[in-house]
Amino acid sequence: MVATAATSSFFPVPSLSGDAKSSKVGSGSSSLGGIKSKSAPSGALQVKANAQAPPKINGSPVGLTTSVETVKNEDFVSSPAPRTFINQLPDWSMLLAAITTMFLAAEKQWMMLDWKPKRPDMLIDPFGIGRIVQDGLVFRQNFSIRSYEIGADRTASIETLMNHLQETALNHVKTAGLLGDGFGATPEMSKRNLIWVVTRMQILVDRYPTWGDVVQVDTWAGASGKNGMRRDWLVSDAKTGETLTRASSVWVMMNKVTRRLSKIPEEVRGEIEPYFLPSDPVVNEDSRKLQKIDDKTADYIRKGLTPRWNDLDVNQHVNNVKYIGWILESAPPPILESHELSAITLEYRRECGRDSMLQSLTAVSGTGFGNLGTPGEVECQHLLRLEDGAEIVRGGVSGGPKMPTILV
């Protein structure tokens, strides 16, 4: 009876005839399709008389003339099967599939971590996370030159190279376990609201990498005077070992609240000095003083430069890599088209915020100055300043004719 009532809710039941609708319920007998059923002393028969039998039960056709007794006998046949392990197999299969997926993912991750190049000329550091070498004092990281990092001449831009320098410097601090909650700041520096700021940068470029090249960047730190730190970089071709770029910089500490320079506390010195590499600068310091230029001595002036939100770093000032782009804004296009930068010196005078309005000034000299479209060495003096005349960066740039780009 229970099975009949249950199946009636899932299967369509044909409507009864007029005679069936007019049959009496509760009398000694009732008529289903003209056939009288046996009377019963209990009220169970009344429920069966009102129950509408489905057209099929367990695959056997049942018409309106089926006896109520026959339906009663079918109760045991149509009852649901007991829940067994076999009946629950779909649930177990889903669990088994989930476990299998987890094991496959773990195996794939392990294979990636245990990845080794099949050819010796392939990238040694495939994921670009870098590693410590040379007794823990030098950090090494590889970079692949992407399509969006090259310029019109199909070589990496100077901004791309400087971004690689900055990235390896920060990753060096992080890998060494010295990274606090600041941008390259150690835990003791973070306690005192101190940050690093660059004061001088020298870059020598022997050759610019092209799209698809893999460069290897080595960086290390050392002392610079009593209250400074020097950081050097050596960029080479990861496949041939050819030296591409050398760079050296000087950094000092600044209080990020007062925005004033600070001496290196002894606690901070104790953190960083064990990681200093005693060596000479990779680039000999240019003793020539960068000349100040103004509206009268500048050959080209570009005004109205403003920082964008993406130009700021976590210390809420303009990233130092952005300055080189602004400096080149005032350089004449013929120089940029026919020459490439080979030596750059930058002196950072003060920081630049998001609301600053800047001007870029350039003075050009050299053998190629008379006709900028012809080959020849060119030297430029640059100044990046605020509208009120306050200096942000002084720069000196020299370069020669571009060499033809050879795509391998």
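We did not get these values from a lab; they are worked out from the coordinates using the rules stated. Everything numeric here is computed off the predicted structure, so don't read it as measured data. Counting neighbours? That spans all protein chains shown, and the Cβs are built from the backbone with ideal geometry, glycine included.
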Mind giving me the nanometre distance, one decimal, between the label points for Val314 and Glu107, set 7 Å out from Cα along Cα→Cβ?
3.9
Computed FRET value (nearest 0.05) for Ile99 with Glu377, which takes r as the C-beta separation and R₀ as 60 Å
0.30
Kindly identify the range 190-327 as rounded, prolate or oblate by the Cα gyration tensor criterion: order the square roots of the eigenvalues as a ≥ b ≥ c, call it rounded if a/c is under 1.5, otherwise compare a/b with b/c, prolate if a/b is larger, else oblate.
oblate
Label point distance in nm, Lys174-Asp280, each placed 7 Å from Cα along Cα→Cβ
3.4
Length gained when the stretch Glu387-Ser287 is fully extended (0.36 nm per residue, less Cα-Cα span):
33.1 nm
Identify the residues of the range 207-237 with backbone N under 20 Å of a label point that sits 7 angstrom from the Cα of Ile129 along the Cα-to-Cβ direction, or state none.
215-219
Relative contact order, percent, the range 232-315 [alpha-carbon distance under 8 Å, six or more residues apart]
22
